[in-house]
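Before any comments, here is the structure.
The values are calculated or read from the model by the stated rules, or taken from the named source; none is laboratory data. Keep in mind that this is a model prediction, so the values were computed, not measured. Heads up, the Cβs are rebuilt from the backbone with ideal geometry, glycines too, and the neighbour counts pull from every protein chain shown. Accessible surface areas use protein heavy atoms only, side chains included; no ligands, DNA or RNA. Shrake-Rupley method; radii C 1.70, N 1.55, O 1.52, S 1.80 Å.
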Amino acid sequence: MRFILSFLFVVTVIPALKAQTPAPATSTTPAGNAQNGKKIFSNYGCYQCHGFEAQGGAGARLAPRPIAFTAFSKYVRQPTGEMPPYTSRVVSDKELADIYAFLQSIPQPPPASSIPLLSK
Amino acid sequence: MADFWGTVNNLRDQLVRSSRALTKKDAKLVSISSNDLYLKSNYQDFQRYTEVDLAIAADVEATLPSLIEASKRLVTADRKRVFEERGKKFAAAHAQALEQARTTATYAWDASPISTARLSAELWEVIKDKDWASVGGGAGRLWNVEKQYQTLLGGGAAGVGSGLPTSVGAALAHRKYGRFCVSIQNDGDFMYAPGAIWTAAHHRIPLLSVMHNNRAYHQEVMHIQRMSNRHQRGITNAGIGTKIEDPNVNYAMIARGMGIYAEGPITDPKDLGPALRRAADAVMRGEMALVDVVTQPR
């Protein structure tokens, strides 16, 4: 049995993970497998706080447009809020990259004005 | 606290639990509430002590109209202008918050499991033109609450199991006024006292109960995960006794077995609106109806 992450957990007060800042692909963003990242996101329980689409819930919204990978990784490893830290022994760098790729793959939603129930 | 005992007894569930006064130092606080009557009732409700100068155990609904009128007579022209300015600020803040809520609701709008924001918006569409009252669950910012009877406060202790019987009881209280009662019913809560459905069927209590079915005692899931992580145990076993799956519960089947109209489980958001409208029709006929909606965790 491995130690698992609900790592994006308990981020109710984490300005750093507000997913407000676009994250352009940079040389510091490792290549990841979005499909595997989605699987990990669900299997490891990240969705419990952040929702299956990383849209937020008890925890912060993480996507679309996740924060830059460097900040994302730093926060997961050394969070400043209530979220427990997840070391690379618990969540490997490869798994973290896969999850980040999943977050990057989530498209921008349509504007509220285009959804009849939200535009009234 | 290097030893085991010291560690266990110094570990807090929440890292911070603080409060701060929002009133001026010389302000007198008076409460009018039926909460103080709970101290002698069968069901008691003790929470953090609220320090007030005068606690009046009374019926708020009966008291407020005359109290408001008495307060208005004391308002000077200057104060009235202040209130009006403050009202404009509140209105602007409300409009801004509603706009933000609508934007937030777009995320995972078409997702399955269905987002709680989608559920809230679809349900609002069904009830907004009725004389409605929420008898359970949070409506959120997408609903426009204008009357005092349209909301029902929670049990106070965030206890699990009171939601369904409370909603049936509240719907009974609303019945004589002909109000359309609706509740957002958590699945974990439902598991404690589902017999309340039979009570509603037997006594012909109209109520639309919409299941927020995230297939878990979810507040427990998050708590166990949090504590497991804090203890560096990992979360592998956090689902034991906290998730309600394998098998998934068919709440509509349970409800139909107790004699009420029911649909679900609804997993496609496109199916939700029509299902709610059909269930609402049953409620308008004077029955309880249940729609089981498989939802995002929160």
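Descriptive notes on the structure:
- Meets criteria (in a helix (DSSP H, G or I), surrounded by 12 or more Cβ atoms within 10 Å (Cβ to Cβ) and in contact (Cβ under 8 Å) with a residue 60 or more places away in the chain) for residue B:98: no
- Sole exception among (1) within 23 Å of residue B:239 (Cβ to Cβ); (2) modelled with pLDDT under 95; (3) open to solvent by less than 70 Å² (accessible area, probe 1.4 Å); (4) not in a loop (DSSP other than H, G, I, E, B) for residue A:8, by number: (4)
- Screening B:277, B:226 for residues that are modelled with pLDDT of 95 or more, in a helix (DSSP H, G or I) and open to solvent by 10 Å² or more (accessible area, probe 1.4 Å) leaves exactly one candidate, B:277.
- Of all residues in the stretch A:57-68 being surrounded by fewer than 21 Cβ atoms within 10 Å (Cβ to Cβ) and touching a Pro at 6+ places or on another chain (Cβ under 7 Å), the one that is nearest to the other protein chains (Cβ to nearest Cβ): A:64
- Restricting the stretch B:200-223 to residues that are more than 13 Å from residue B:288 (Cα to Cα) and among the polar types (S, T, N, Q), the residue that is most open to solvent (accessible area, probe 1.4 Å) is B:219.
Yes/no matrix, rows are residues, columns are (1) of a type in the set (A, V, I, L, M, F, W, C); (2) part of a helix (DSSP H, G or I):
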position: A:55; (1), (2): no, no
position: A:73; (1), (2): no, yes
position: A:97; (1), (2): yes, yes
position: A:104; (1), (2): no, yes
position: A:117; (1), (2): yes, yes
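- Here B:264, B:286 are screened, and the one residue that is within 26 Å of residue A:48 (Cα to Cα), of a type outside the set (Asp, Glu) and not in a helix (DSSP H, G or I) is B:264.
- Single match in B:117, B:173, B:93, B:121 (criterion: open to solvent by less than 20 Å² (accessible area, probe 1.4 Å) and either within 13 Å of another protein chain (Cβ to nearest Cβ) or modelled with pLDDT of 95 or more (or both)): B:121
- For residue B:242, the requirement of being among the β-branched types (Val, Ile, Thr) and farther than 25 Å from residue B:192 by Cα is not met.
- Residues of the stretch A:78-90 that are more than 10 Å from chain B (Cβ to nearest Cβ) and open to solvent by less than 40 Å² (accessible area, probe 1.4 Å): A:79 alone.
- Scanning the stretch B:101-114 for residues that are surrounded by fewer than 21 Cβ atoms within 10 Å (Cβ to Cβ) and more than 7 Å from chain A (Cβ to nearest Cβ) returns B:101, B:104, B:110, B:112.
- For the criterion of being under 30 Å from residue B:61 (Cα atoms), surrounded by fewer than 21 Cβ atoms within 10 Å (Cβ to Cβ) and either within 14 Å of another protein chain (Cβ to nearest Cβ) or in contact (Cβ under 8 Å) with a residue 12 or more places away in the chain (or both), residue B:233 fails.
- Candidate set: the stretch B:284-298, residues that are more than 14 Å from chain A (Cβ to nearest Cβ) and open to solvent by 10 Å² or more (accessible area, probe 1.4 Å); chosen: the one nearest to residue B:190 (Cα to Cα): B:287
- The residue list A:71, A:54, A:101, A:97 contains one member that is surrounded by fewer than 17 Cβ atoms within 10 Å (Cβ to Cβ), over 24 Å from residue B:96 (Cβ atoms) and modelled with pLDDT of 90 or more, which is A:71.
- All positions within the stretch B:124-138 that are open to solvent by 20 Å² or more (accessible area, probe 1.4 Å), within 19 Å of residue B:266 (Cα to Cα) and out of contact with any strand residue (DSSP E or B) (no Cβ under 7 Å at 6 or more places or on another chain): B:124, B:125
- Within the stretch A:29-46, the set of residues being within 14 Å of chain B (Cβ to nearest Cβ) and assigned to a loop (DSSP other than H, G, I, E, B) comprises A:44, A:45, A:46.
- Residues located in the stretch B:184-199, provided they are open to solvent by less than 10 Å² (accessible area, probe 1.4 Å) and not in a helix (DSSP H, G or I): B:185
- Count of the stretch B:124-153 residues which are outside any loop (DSSP other than H, G, I, E, B) and either facing another protein chain (nearest Cβ under 10 Å) or among the basic types (Lys, Arg) (or both): 2
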